[in-house]
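Q: Please see the structure below; I have some questions.
The values are calculated or read from the model by the stated rules, or taken from the named source; none is laboratory data. Worth saying up front: this structure is predicted, and the values here are computed from it rather than measured. Neighbour counts run over all protein chains shown; Cβ positions are idealised from the backbone, glycine included. Quick note on the areas: whole protein, heavy atoms, side chains included, nothing else; ligands and nucleic acids left out. Shrake-Rupley method; radii C 1.70, N 1.55, O 1.52, S 1.80 Å.
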Amino acid sequence: MTPKVVVVMPAYNAGRTLRMTYEQLPKDSVNLVILVDDGSTDQTLEVARELKLEIFVHDRNYGYGANQKTCYAEALKAGADIVVMVHPDYQYDPTLLPQIIEPIVKGDADLVLGSRLMGGSAVRQGMPWWKYLGNRSLTWLENLVFGLSLSEFHTGYRAFRREVLDTVNYAMNSDGFVFDQQIIAQVVAARFRIAEIAVPVRYFPEASSASFVDSVGYGLRILLLLARFALYRSGLYRSRRFQSLSARYSRLAPGDDRPQ
Ligand SMILES: Nc1nc2c(ncn2[C@@H]2O[C@H](COP(=O)(O)OP(=O)(O)OP(=O)(O)O)[C@@H](O)[C@H]2O)c(=O)[nH]1
Ligand SMILES: [Mg+2]
């Protein structure tokens, strides 16, 4: 049976980029497009209505993490088998959607990340050098703590198998940018399989991008998250964040293998 693929778009003032992002989505690979508006003050909602997307509106701006929580909850309610996050600011290439879900369709992965650092040209594509250095150093540290060897953890282009979102306790995560790393730590704690593909990235004036100050705060919160994860893995620290919601995985203590 072909899986139901739901695209979720976390939107905040994405009015100038939403249409071209949506138009480049390969419609024959997508069953539904959900947009969650996080209190935009521009024409994001008007454009979303013109495109007849499935729209959910936050009464004010809560943040990127809060936006994703609504995205995933509504995608699961809509019966998604695969959920793909595509930022509506056109920084990621929507035409690559079939490639990013393929490892899940083939049963080889549970989470797929679209890596901007796999191809090695992110700075040439416009990623600020300080963001590149921060990304590389945090990625190195995260590989160390998680016991992985991924090329990047900070991408916004991600595909989830439904079971992952049913299992990890993402609702208790931050409303801010660090949500992106907290959910990866939860995926690692539940021993789901992570794969990655190379994707290009675009930086241009209309695109939204985390500021230097936001990025420093993001970096410091990741260090705290990694410290807690390492303590949890060593059994010295109990944390509801890393415990799985579904009984199938919740009995997993650090070091346990996934149930067959
Ligand atoms: N900045 C920001 N984005 C939000 C918020 N709520 C939802 N979003 C959306 O979240 C997505 C990611 O935010 P961006 O500001 O683009 O950050 P980013 O591109 O991941 O940052 P870099 O990867 O560091 O360039 C965008 O699609 C925004 O529209 C919010 O409160 N602030
Ligand atoms: Mg962006």
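Q: Just add up the charged neighbours of G65: K/R +1, D/E -1, any other residue whose Cβ is under 9 Å from the Cβ of G65.
A: -1
Q: Given the pairs K77/K106; K69/K131; K4/K106, which span a C-alpha to C-alpha distance of over 20 angstrom in this model?
A: Beyond 20 Å: K77/K106; K69/K131.
Q: Working with all protein chains in place, sort R228, R116, R158, R60 by solvent-accessible area computed with a 1.4 Å probe, largest first.
A: R60, R228, R116, R158
Q: Given a 1.4 Å probe, how much area per residue of the chain is accessible, in Å²?
A: Roughly 45 Å² per residue, with all protein chains present.
Q: Could I ask something else about it? How do 188-194, 170-176, 65-71 rank on mean C-beta neighbours within 10 Å, highest first?
A: 65-71, 188-194, 170-176
Q: If you don't mind, there's one more thing I want to ask. Work out which helices of the chain, taken as complete DSSP H runs, extend at least 27 Å along their axis over the Cα atoms and score a mean Kyte-Doolittle of 0.0 or more, then list them.
A: Length and hydropathy pass: 212-233.
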